[in-house]
Amino acid sequence: MTVAFLDLRRRVSALRPSLDAAIASVLEESRFVFGSSVEAFEEAFADYCGARSAVGVASGTDAITIALVAAGVEPGDEVIVPANTCVPTVAGVEAAGAVPILADVELETATLAPDALEAVLTPRTRALVSVHLYGQCAAMDALVVFARRHHLLVVEDAAQAHGAAFDGRRAGSLGDVAAFSFYPTKNLGALGDAGAVVTSDAAIAERARLLRSYGQRDGGESLLHGRNSRLDTLQAAVLLAALPRLDAWNDRRRELAELYRQRLADAPLLLPSEGSCRRHVYHLFVARVDGRDGFRSRLADQGVETLVHYPQPIHRHPAYRVLDRRDGSLAASETLAGDVVSLPLYPELRDEEANLVVSAVERALPSL
Ligand SMILES: *Cc1c(COP(=O)(O)O)cnc(C)c1O
C-alpha cells in the first residue's frame, strides 16, 4: 500500500451529488459572472468567519492585494510579512504596489514573531500581514497590540486557516481585513482558482467590491482604479455546496493529527505545536526532523509521500534575494526551511493509512 500526500478524487466523489446539483443550477441560471451563488456564498462565508462581509475574488493572491488596497495601503508603503511563508503572500503585497519587508517567525509555531516587528518598523510601515500558517493562527493578541500602538493595519493571510480560531474567534475576524484562498487543496477548496476578502469594516468591503471589477458599481461608472478579479458563479456554487462540510472536515483533520501526536509522542521528531488558545485546523501536519531529506527518501521508499512547506524562506528565492535583511534576523525561518516535513493529512485519509504513515516514520527515523 502507498499513501499519497493528498487525493482530491476522494473529496470529489464524496461531494459528487451536491457538486452536480450546484453546477446544474448555475447552468439553469446561466449568469456565469455575478450569478446568485456569488452573493449567497459571500453571505454564508462571512457568517462562517464571524465577519460582516465577504467579497469573492479570483484567487487568494488577489485577495491579499485587494485587501491591502481596499484598506488604504498605497504605492511605496512598507508591509511586514513573515519570511517563512509561500511566495504568493509576498506577490500579493507587491501587486498592491507596496514594499514587502520580511520579519522572522516563532520557531514553535512558524508564524510571525511579535518580538521581531520592532526591528523592521520604519516611518513608512503601513501594515502587517499575519499568515496563519499550516492552519494555525499567528499570535494575534500580541500582533494586534503592536499594530494598534504603531497605527498599522492588520491583514490576515488566512489561505490555510478556514475555520481556525484564536481565543474562540475565527480566522477572518481577527484583524482589519483577511484574505482567503479556495485553491483546490485548501481546507475549503474550489474546482479551480478562487478567493475572498473578508472584513467587518463596511468601507473596506465596499472598496474591495469596486476593486475586483474595474472600480465600477452596477451602473458601469469607475470610482476607483480596479481590475478584473471576480469569483466565477460556478466556483461560488461549488464552494456553497462544500461549506457545510468544512467543520466536519476540520474535525477529521484534528482527529488524524491527534492520532499522529499520540502514536509519535516518543519518536525523535518535533511535532507541531498547538497553542492553548489556538484551534489548529491542520491544513498541513508539519513536523521537524534532523536529517530531513534522508528521512523523506526513506519514507518514499516505503510508499509514503511527503512534501516540504517550505524548502526556502522567501529571501532565498532567486527573485527575492533583495529582501534578505543580511543581519541574521531571519534565522528561525532559515532553520525551519532546513528541517520541516509535511506528513499526509487530509480529511479523507483513512485510519489504516495514517497508521501506515506512523509505522513508516518509526522505521525511517534513526533508532534511539
Ligand atoms: C495558497 C496560499 C496563498 C495564495 O492563494 P492562491 O489562491 O493560490 O492565489 C497565499 N498565502 C498562503 C499562505 C497560501 O497558502
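The values are calculated or read from the model by the stated rules, or taken from the named source; none is laboratory data. The structure presented is a predicted model; accordingly, all values stated were derived computationally and were not measured. Neighbour counts run over all protein chains shown; Cβ positions are idealised from the backbone, glycine included. Just so you know, the surface numbers come from the protein's heavy atoms only, side chains and all, with ligands and any DNA or RNA stripped out. Shrake-Rupley method; radii C 1.70, N 1.55, O 1.52, S 1.80 Å.
Below are the figures for this structure:
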| quantity | calculated |
| --- | --- |
| Test: residue in the range 346-368 that is at pLDDT 95 or above, in contact with a Pro (Cβ under 6 Å, 6 or more places away or on another chain) and not aliphatic (A, V, I, L, M) | no |
| Of all residues in the range 328-345 being at pLDDT 95 or above and open to solvent by 30 Å² or more (accessible area, probe 1.4 Å), the one that is nearest to residue 80 (Cα to Cα) | 329 |
| Which listed residue, of 273, 297, 333, is assigned to a loop (DSSP other than H, G, I, E, B) and either over 19 Å from residue 112 (Cβ atoms) or not β-branched (Val, Ile, Thr) (or both) | 273 |
| Long-range neighbours under 7 Å by Cβ, at least six apart or interchain, first residue under 14 Å from residue 71 (Cα atoms) and assigned to a strand (DSSP E or B) within the range 172-183, second of a type in the set (Asp, Glu) and more than 11 Å from the ligand (Cβ to nearest atom) | 177/201 |
| Among the candidates 261, 245, 230, 253, residue that is open to solvent by 10 Å² or more (accessible area, probe 1.4 Å), outside any loop (DSSP other than H, G, I, E, B) and either on the phi > 0 side of the Ramachandran plot or touching a residue at least 24 places away in the same chain (Cβ under 8 Å) (or both) | 245 |
| The range 178-223, subset of a type in the set (Ser, Thr, Tyr) and within 14 Å of the ligand (Cβ to nearest atom), residue least open to solvent (accessible area, probe 1.4 Å) | 181 |
| Test set (1) surrounded by fewer than 23 Cβ atoms within 10 Å (Cβ to Cβ); (2) in contact with a strand residue (DSSP E or B) (Cβ under 9 Å, 6 or more places away or on another chain) - residue 60 fails condition number | (1) |
| Some residue of the range 141-149 being at positive phi, away from the ligand (no atom under 16 Å from the Cβ), of a type outside the set (Lys, Arg) and at pLDDT 95 or above | no |
| Any hit, the range 29-45, residues being within 11 Å of the ligand (Cβ to nearest atom) and under 26 Å from residue 202 (Cβ atoms) | no |
| Some residue of the range 266-273 being under 19 Å from residue 157 (Cα atoms) and within 18 Å of the chain's Cα centre (by Cα) | no |
| Strands (runs of 3 or more DSSP E) lying entirely in the range 69-171 (those with 1 or more residues that are in contact with an Asp or Glu (Cβ under 6 Å, 6 or more places away or on another chain) and open to solvent by 30 Å² or more (accessible area, probe 1.4 Å)) | 99-103, 125-131 |
| Boolean, residue 152 is touching a Lys or Arg at 6+ places or on another chain (Cβ under 9 Å), away from the ligand (no atom under 16 Å from the Cβ) and not basic (Lys, Arg) | yes |
| Of residues in the range 312-327 being aliphatic (A, V, I, L, M) and more than 22 Å from residue 293 (Cα to Cα), the one surrounded by the most Cβ atoms within 10 Å (Cβ to Cβ) | 323 |
